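First up is the structure itself, then whatever we jot down about it.
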Amino acid sequence: MISQAWMHPRGSAWIEAIADALVGWKTFRSKFTKWKEKHSMFPLFNPKLPTALARSRCVIRLLAAVLLVVSPQVSSAAELPRLFPDYIGVTLPPKIAPLNFRIQEPASAYRVELRSTKGSPIAIASATPAIRIPPKAWANLLRDNPGEPLYWDISAQTTASGWTRFATVTNHIAREEIDGWLTYRLLTPIFNYYVHLGIYQRNLASFEQRLIIEKEKFDKGCLNCHTPLNRNPDTFAFDIRAYNGKHPTILVVSNQAARVDKTMGYLAWHPSGKLLAFSANRLSLFLHTRGETRDVYDASSDLGIYHLEANTFEYPAAIANPKRNETWPAWSPDGRYLYFSSVDPLPLEKSRQIRYDLMRASFDLQTGQMGPPEMMISAAETGLSACQPKISPDGRFLLATLCKSGNFPIFQSASDLYLMDLATRKLRRLEINSNEADSWHSWSSNSRWVVFSSKRIDGLLARPYITYVDELGEFHKPFVLPQEDPAFYGFCLNTFNVPEFLTGPVTIKERDLVRAIVAPLKILTPQGPERPAEPGSQSVPDPSGNQQMRE
Amino acid sequence: MRQPPNQNVGIQRFLWPWPAFVVGAAALLTGSFLYVWLRLEPVLEYHGFGPYFLRRWDYFETFLHRPGGLANYAGAFLAQLNYLNWLGALVFVTTQLGVLLAAVVCLVRIGGRAPGFVALVPAFALLVLRNRYDCPVPAVSVGLLLALSAAAAYLSLPWRRAGLLVVAGGLISALLFYLAGLWSALLFAVLCGLFASFQMRNRPAGLGSLVLALVVPALTLALGDLKMVWLIQPWPEGVDGMLAAALYASVPVAGVLLAWLPKPAVSRRDSRNQPADGHWHQASGFGQVVAALLLVVGGAAVWLSFDHRQKLLVQIDYDSSCGRYEPVIAAARQVAPLSYPAEVRAHLALYHTGRLAEDLFTFPNMIEDAKVEGLADAFRVQSQILLELGLVNDAEHSAHEALEMQGQRPDLLRVLARINLVKHRPQAAQVFLNVLSLIPFQGERANANWPETSPEISPDESAFLARIRSVGLTNDVLHSALPMQSLLELLLAANPTNQMAFEYLMANYLMDLNLPKTIEYLQLLDNFNYPRLPRSYEEALVLYQQVAKVQVDLRGRQIRPETVERFRRFQEAVKQLNGKADRQAAMASEFGDTYWYFYGVRRLKRAAQSPNATP
């Protein structure tokens, strides 16, 4: 490795060293402390000396600048640095919280410069591998450089060989905005019993996380999939399981909460906001003795439509076929199709052979008529089970999770995201998939960003990843939701599920949601028919019966 | 302005000379220290009930959003010092001392005279509370100490206007409400109110103090997200509400008594200097007897309220987690009835000392079906046993259930790290180890080299992981809740040389009184190197041959003649039983360590519980 004086491409070493000294006060102090500890002669010093020096920041800065300039023997490494989280080669939205990270290279000091075409570069010096980017400077840099590359120059100082500069990390700043907020559920990778469980929202431009509702506030029951209408924060729905023996749905329309005393599973808003498609499932959890521990069996399911204005529901024959199990409803953005997963029921013992087709049925909002189901992804052709369809808001793409079997992809490491171009009906596995479960995906309003849950970091805990989708429908390398503490994901035992974009923050207060559950001002009891009877209906081997899966 | 009587009672006048009280207090504190250190053993509480403190901002943040959270945070931190017995005892006694001094000052100011041994009541109540292993005393005592200290400092100021005292006190109550919860705020307000009522002779001000203290809690309840249950119970789970109420109420009640009761007579010598305010040591002989009785009764209350069974159960849990199996077996013999987790740990200890097949039925307390006593503990112990058996997925299931219910306990974090290592998920294991490293005193036992993705594994740990992988199941069976016996059978089918699975399966069948299955699985004995037929199998075999009237092919193994002879005597004893209590006792004494006795008694008990069953 050739040793050379370290010269920054955009400035002299002097300027860089002084800048480092100015921002790297803590670095210098840390070095000084280490040096002090190392030299046993230190007690001979005047004990007031360090204090006096410390008080004289100008002197220290100058000394630091001299020190750093005199001895910056830096070698260049051709390799990229190892970063955690992996923020190398990713595409960022113009408004996103700083991508704080840890440099996984052993060294005693680190220097990072972030730069793009316009604006001031950001220089960071740190005595620890944790790099925290100043939020304001970061926001300005991203704002000034949409559509431009974002370079990260990273150097590390090892005691033996001086400074090593790694190959420049190149990320990209997209021109397209991302929706400002994200909702998700936080929970541990639980099984049957749950104590701590909540739905949260996160401002994507900062690290602010706010609580929407947590289970402890109403004691008994479980919170399930929160589903907004067209990413609108004022109108959404979520389920409660086993609150006083009931499984109501909480409906929030224009920030007015009501309890619907009707059990609904997976939900999908019609874009008009007048209808809510729901699944009625008989889910049960079971265990594997090898491989992935958990799995879900759906003994019987149908889809229904809830009419909000009339407070009625129905089970149209096309989506509630007594001979099939239908689940995972999703409307097309124009409201003319309802997409869903569908399968012939099989007993639990044959659960590995349960593979869902992905179908759609046409729908006319004026007449309320639903057309016959149409095959979109055939399990017979793919050999996989298709779940969680989501149509991009521009109507071009269908994004779904395909897994080996069953209907709960997050529990299967082989679950992957697949994209279908609705114009050509061509299906492809996305390159952004990992060896672990990739699931729970959701589109942004402009169809240019997708958020999904992935267990790629450790195989156990799902984390929210954001990926950019370009005009050609290519998915770019995703990045994990940035956190203020770069080590956050190394310590977080919670799993993030059902991440959904929102155009703004949910403003309804938690206590209003809790009141809607425990003492609602408005209770809706929808009228409608019984679920269609199933000929020779399945017996459910699991006595736990009507469970709702939570991860 | 008229000076209210006794308002300027000086505290220092009561602090010295006061030898009897000082000696009594010193005896209490010294006794408390020794009692907590040597008898209670704080490390048992630490292991059994935590709470476990995490050195992270987001952990701290969780305490900020509810009244009393900060006191609980401080309590959680102090609870970590229970890791060392002497340090835990020292923290407790320091708290006790603080409570005692603050109580003395408050009582002096409110009662206008020396409180005497009444001031020791809160310290005794604290000790009674400390007797319970599952009670988070540090959290409760921090709130108490805050309120008493604030009141002591506040009441020591030279107040002249009752209105000012009440209004400023209301603000401090609001602060205390946030810091330590409703009861601390109320305690402070009540003490201020009593002072205003008795010493400043302004009862409306006294009442106003109480009303002001309730304003902020009421507003928080009405407008905020505070739940009534959190308002009433600001402490972590496990606090005995009655005892805590008694603890918090003890100082105000004592203050009222001191203010109302007639003051004791004073000696001629002291009457020259202190005409109105008597000292306890100057009181009558009757008073001294009462004080002595108070100490004795308090001591007896502490001694008698100690739950020895709970200590043994926690001791079993702790020793088992440390791999000290002989003490586990010794403690398990003393517990009656055994809890389910303790029984499981006793089985594990027997297995690890090579005595599961020999000594399983030497525990008379295992005849009763063990009580589950909390699902979380059951899941926790199951996770450890299932992992050792090689049922990795089931162990993971149990560990996660326990983690959800019991929080981030060190033993659970270690088990989950191990499980993830067995399952080839080192990064997930590292997350659990990272969290473990945040718990004080646990850093050394965690691999804190994050973000290295491959944790360093010691040779012992490597061997353990290799063994688990080698004995684990090879096929995937779908189930929602398979009985333990079925899982063990699957393990043995996959690996017939899994000795732990074999011994556990045999123990399960024996305890379930399933003789045919026991005999069926005896054929696997050839896979293991037992020097002779283990005792419990031998006794089951003799019994089975007698009941089923068959001869079992032992493949060259012999039943010892003394076993046959003892069984003959057992049968004779059974014939002579005829419901006579003395013979039953004699039989228990002679045959209580045999499988036959276990079989007979448990069968009778089951028959009694199930009227349709034939005895």
Margin query: Taking 2.2 N^0.38 Å as the expected size of a compact globular protein, what ratio does the Cα radius of gyration of segment B:309-463 give against it, to two decimals?
Written below: 1.08
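Could you calculate the FRET efficiency of B:PHE63 with B:GLN546 from 1/(1 + (r/R0)^6), where r is the beta carbon distance between them and R0 is 45 Å, rounded to 0.05?
0.10
What net charge do the residues around B:LYS575 carry, taking every other residue with its C-beta under 13 Å from that of B:LYS575, with Lys and Arg at +1 and Asp and Glu at -1?
Once positives and negatives cancel, what remains is +3.
As an exercise, take the mean of 1/r over every pair of distinct alpha carbons in segment B:553-612, invert it, and state the Kirkwood radius in angstroms.
13.1 Å
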Note to self: Counting pairwise Cα distances across segment B:484-609, what percent come out greater than 17 angstrom?
What the structure shows: 61 percent
Item checked: Computed lengthening from B:ASN475 to B:ARG569, 0.36 nm per intervening residue step minus Cα-Cα distance -> 29.1 nm
Check: How many nm separate the modelled label positions at A:ARG336 and B:SER156, each set 7 Å beyond the Cα in the direction of the Cβ?
Finding: 8.3 nm
Next item on the list: For A:LYS262, go through the aspartates and glutamates and keep the ones whose alpha-carbon is under 14 Å away, minus same-chain ones fewer than eight residues off.
Entry: A:ASP239, A:GLU314, A:GLU530
Next item on the list: Sum up the lysine pairs in chain B that clear both bars: alpha-carbon distance under 19 Å and a spacing of 8 or more or different chains.
Entry: 6
Next item on the list: Kindly identify segment B:30-145 as rounded, prolate or oblate by the Cα gyration tensor criterion: order the square roots of the eigenvalues as a ≥ b ≥ c, call it rounded if a/c is under 1.5, otherwise compare a/b with b/c, prolate if a/b is larger, else oblate.
Entry: oblate
Next item on the list: Output the peptides A:287-298, B:67-78, A:413-424 sorted from most to least packed, where packing is the average of other Cβ atoms within 10 Å over each peptide's residues.
Entry: B:67-78, A:287-298, A:413-424
Note to self: Per-residue Cβ counts within 10 Å, from other chains only, averaged over A:281-289: what number is that?
What the structure shows: 5
Note to self: How shielded is B:410-419 by partner chains, expressed as the average number of their Cβ atoms within 10 Å of its Cβ atoms?
What the structure shows: 1
Next item on the list: Taking the Cβ of B:LEU356 as the centre, find all other residues whose Cβ is under 13 Å away and add up their charges (Lys, Arg: +1; Asp, Glu: -1).
Entry: -2
Note to self: Can you give me the orientation-averaged projected area of the convex hull built on the Cα atoms of the protein assembly as shown, in nm²?
What the structure shows: 60.4 nm²
Margin query: List the GluC sites (Glu not before Pro) within segment A:415-522 that DSSP assigns to loop and that have no more than 14 neighbouring Cβ atoms inside 10 Å.
Written below: A:GLU431, A:GLU471, A:GLU474
Check: How high is the FRET efficiency between B:GLN558 and A:ASP421 when r is their beta carbon distance and R₀ equals 56 Å, given to the nearest 0.05?
Finding: 0.10
Next item on the list: Let me have the relative contact order for segment B:32-266, percent, based on Cα pairs under 8 Å that are six or more residues apart.
Entry: 25 percent
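How about segment A:189-275: which chymotrypsin sites (Phe, Trp or Tyr not before Pro) there are in a DSSP loop, with at most 10 other Cβ atoms within 10 Å of their Cβ?
Counting only loop positions with at most 10 other Cβ atoms within 10 Å, none of the chymotrypsin sites (Phe, Trp or Tyr not before Pro) in segment A:189-275 qualifies.
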Checklist line | Per-q log10 I(q)/I(0), segment B:479-552, q = 0.12, 0.23 Å⁻¹ (Debye; single scatterer per alpha-carbon; no solvent) | finding: -0.33, -1.07
Checklist line | Global geometry of chain B, whether rounded, prolate or oblate, following the gyration tensor of its Cα atoms and the 1.5 cut on a/c | finding: prolate
Next item on the list: Sort A:CYS225, B:CYS106 so that the residue with the fewest other Cβ atoms within 10 Å of its own Cβ comes first and the one with the most comes last.
Entry: A:CYS225, B:CYS106
Item checked: trypsin sites (Lys or Arg not before Pro) restricted to segment B:466-561 and DSSP loop, no more than 13 other C-beta within 10 Å -> B:ARG532, B:LYS549, B:ARG555
Item checked: Principal-axis tilt of helix B:375-389 within chain B, Cα atoms, nearest 10 degrees -> 40 degrees
Next item on the list: Excluding B:GLU539 itself, calculate the net charge of residues whose Cβ lies under 11 Å from the Cβ of B:GLU539, where each Lys or Arg counts +1 and each Asp or Glu counts -1.
Entry: 0
Notebook entry, point to check: For the residue pair B:ALA493 and B:ALA168, what label-to-label distance in nm results when each label sits 7 Å from Cα along the Cα-to-beta-carbon direction?
Noted result: 7.9 nm
Margin query: Using a 7 Å offset from the Cα along the Cα-to-Cβ direction at both B:ILE232 and A:SER120, what is the distance between the two label points in nm, to one decimal?
Written below: 5.8 nm
Item checked: Theoretical gain in end-to-end length, B:GLU368 to B:LEU465 [0.36 nm per residue, Cα-Cα removed] -> 31.4 nm
Notebook entry, point to check: For chain B, the longest stretch holding no GluC sites (Glu not before Pro) located in a DSSP loop with at most 16 other Cβ atoms within 10 Å is which?
Noted result: B:1-236
Margin query: Taking the Kirkwood radius as the inverse of the mean 1/r across Cα pairs, report the Rg/Rh of segment A:181-524.
Written below: 0.93
Margin query: If you take each beta carbon of peptide B:421-430 and count the beta carbons of other chains within 10 angstrom, what is the mean?
Written below: 4
Item checked: Under 5 Å, built H, 5+ apart or other chain: amide partners of A:THR188 -> A:THR495
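Taking R0 as 56 Å, what FRET efficiency do you get between A:ARG531 and B:ALA608 from their Cβ-Cβ distance, rounded to the nearest 0.05?
On the way: r = 46 Å, r/R0 = 0.82.
Step by step, r from the Cβ atoms, then E = 0.75.
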Next item on the list: First check a/c for segment B:32-266, with a ≥ b ≥ c the square roots of the eigenvalues of its C-alpha gyration tensor; if it is under 1.5, answer rounded, and if not, answer prolate when a/b is larger than b/c or oblate otherwise.
Entry: oblate
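Values in this text are rule-based calculations from the coordinates and carry no lab data. It should be emphasised that the depicted structure is a prediction, and the values quoted were computed from it without experimental measurement. Ideal geometry is used to build each Cβ from the backbone, glycine not excepted, and the neighbour counts take in all protein chains shown.
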